[in-house]
1. Is it true that some residue in the stretch 109-116 is open to solvent by less than 40 Å² (accessible area, probe 1.4 Å) and either farther than 29 Å from Thr303 by Cβ or within 12 Å of the ligand (Cβ to nearest atom) (or both)?
2. So for the stretch 83-95 (the condition being assigned to a strand (DSSP E or B), open to solvent by 60 Å² or more (accessible area, probe 1.4 Å) and either within 16 Å of the ligand (Cβ to nearest atom) or not basic (Lys, Arg) (or both)), does at least one residue qualify?
3. Pairs under 8 Å by beta carbon, first residue on the phi > 0 side of the Ramachandran plot in the stretch 182-205, partner open to solvent by less than 10 Å² (accessible area, probe 1.4 Å), six or more apart or different chains?
4. Count, please, the residues in the stretch 41-57 that happen to be at pLDDT 95 or above and surrounded by fewer than 19 Cβ atoms within 10 Å (Cβ to Cβ).
5. Return only the number of the condition from (1) open to solvent by less than 40 Å² (accessible area, probe 1.4 Å); (2) among the polar types (S, T, N, Q); (3) part of a helix (DSSP H, G or I) that Thr73 does not satisfy.
6. If Ser238 satisfies all but one of (1) modelled with pLDDT under 95; (2) crowded, with 17+ Cβ neighbours inside 10 Å, what's the number of the condition it fails?
Amino acid sequence: MQKRVGILTSGGDCPGLNAVIRAVVSHATLTYNWQVLGIPYATRGLLEIKATPLRIHGLDLRGIDPLLNMGGTILGSINKGDTLAHIQEIIAGYHALELDALIGIGGDGSLAIFNQLQIQGNWQFIAIPKTIDNDVAKTERVVGFDTAVNTIVDALNRLIFTAASHDRVMIVEVMGRNAGHLALHSGIAGGADVILIPEIPYSIQGVCHHLAELRDRWERKFAIVVIAEGAQIAADSSNYTSCEKPSCGMGQYLAEEIRHCSHHQIDVRVSVLGHIQRGGIPSAFDRLLATAFGKAAVDLLATGQSSQMVAWQNGQVVAVPLDAVLADSPCLVNPDSFLVQTARSLGTYMGMEKPATA
Ligand code: F6P
C-alpha cells in the first residue's frame, strides 16, 4: 500500500537534519514508492495543516544534491511553545493531512512531546534523535553532536595560539544545557587544561590552584579552560563576583573569579561560542549517522513498527522503545566514565575528585 508519510524537525536545529530528510525521502520513494510530506516548523505545521510534498532531488540545482551537506533544516523548527495545550488540534491536523505515519526528528524535549501525541493520536510514529547536547538516552550518538564537537575543537585550535602568544588564560564557554558531553569531548580532543561540566561541581580554588601549578611547576604561562554553560560551582567554593546570570554567563563568571583568586596578574579572556556550535556543514560522521537513521526509520515503518526511536549502539542502528528512551533521558556524563578518567589522567582539572551524588 502506498503510504503518505510526514516528516518534521523539532527543537533546536543542528547540522545533519537535512541529511536525515534526504535519506528518508530517497529510501521511502525509491524502495517503497511512498509519498513523503515535509511538515514545516515542527508540530506547528500539523496544527496549521501545512505540508509540502518532498521529492528526491527536489532541490536539485543542475543535478547537485545540496541536502547532504547543508546545515540547519529546510523544514524549519521551533524549540519553544505550548504544543501540549493544542494536542487535539495537532492530532486533527495529522488526520486532515491524511498521513499514514510520521517521522519526528528531535531531542529529548521534543521526543517527550512526540510520545504524548503519538499515543493520544494513535499514530504510526518513529523518532530520530538529534541534538548537539548528545543527551538522549539509549543511543551513543545523535545527529549533530559530532559536528558541534568538531566546531569547538576548531575554535580551540585557533585560541590556543593566541593564548600562548599573550600568556593568557582563555576560557571557552560551550553549550550543552545540563549535560557536559560537548565540553568533555571537545575539551579532551582540543587539549584543554581545565574542563568543567555540570555533572562534576568545581571549586574556584581548584581551578586557580591548577592554573598556578601549570605556571609555577610546569612553566606553562597560558591555559585553555573549556566550561559548559551549565557548569556547577561547589557549595564551599569562594565567590567574589557580583556577576550573575543572565548578563553574565558561566565563562564570564569564572573569569571574574580567576582574576580575584590568583596571586599573579592573570590575563583572562572569554569566548562564548554560542550558536556557532549549531551551524555549519555536517561532519562525515553526522552525515553517515543521519543517512543510516533515516533509512532505518523508513524500514521500521515498512515493517509496521511504531513508538520506536532509532539508536546507534555498538556501531549499528537499532530500534529502542520510545518509552525506554524517555525514562532515562536526559542522559548525563557519568563522572566515573572512561573519558573523565582519561582527561584526569592527563592532568586536566575537572572539578571535585569526589563529585557530590545527586
Ligand atoms: O539543546 C540545544 C541547545 O543548543 C543547547 O545546547 C542550548 O542551551 C540551547 O539549545 C539554546 O537554545 P536557543 O536556540 O533557544 O538559544
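The values are calculated or read from the model by the stated rules, or taken from the named source; none is laboratory data. Not measured: the values here are computed from a predicted model. Neighbour counts run over all protein chains shown; Cβ positions are idealised from the backbone, glycine included. When the accessible area is computed, the model is the full protein with side chains, heavy atoms only, and any ligands, DNA or RNA have been set aside. Shrake-Rupley method; radii C 1.70, N 1.55, O 1.52, S 1.80 Å.
1. Within the stretch 109-116, one or more residues are open to solvent by less than 40 Å² (accessible area, probe 1.4 Å) and either farther than 29 Å from Thr303 by Cβ or within 12 Å of the ligand (Cβ to nearest atom) (or both).
2. The answer is no, given that none of the residues of the stretch 83-95 is assigned to a strand (DSSP E or B), open to solvent by 60 Å² or more (accessible area, probe 1.4 Å) and either within 16 Å of the ligand (Cβ to nearest atom) or not basic (Lys, Arg) (or both).
3. Going by the 8 Å Cβ cut-off, the qualifying pairs are Gly191/Leu156; Gly191/Ile224.
4. 5
5. It is condition (3) that Thr73 fails.
6. Single failed check for Ser238: (2).
Residue-by-condition table, conditions (1) farther than 19 Å from Ile276 by Cα; (2) in contact with a helix residue (DSSP H, G or I) (Cβ under 9 Å, 6 or more places away or on another chain):
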site: Ala92; (1), (2): yes, yes
site: Ala96; (1), (2): yes, yes
site: Ile128; (1), (2): yes, yes
site: Ile132; (1), (2): no, yes
site: Lys138; (1), (2): yes, yes
site: Asp146; (1), (2): no, yes
site: Ala155; (1), (2): no, yes
site: Leu159; (1), (2): no, no
site: Ser165; (1), (2): yes, no
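Residues checked against (1) in contact with a Lys or Arg (Cβ under 7 Å, 6 or more places away or on another chain); (2) outside any helix (DSSP H, G or I); (3) at positive phi:
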| residue | (1), (2), (3) |
| --- | --- |
| Gly12 | yes, yes, no |
| Ala19 | yes, no, no |
| Leu37 | yes, yes, no |
| Lys50 | no, yes, no |
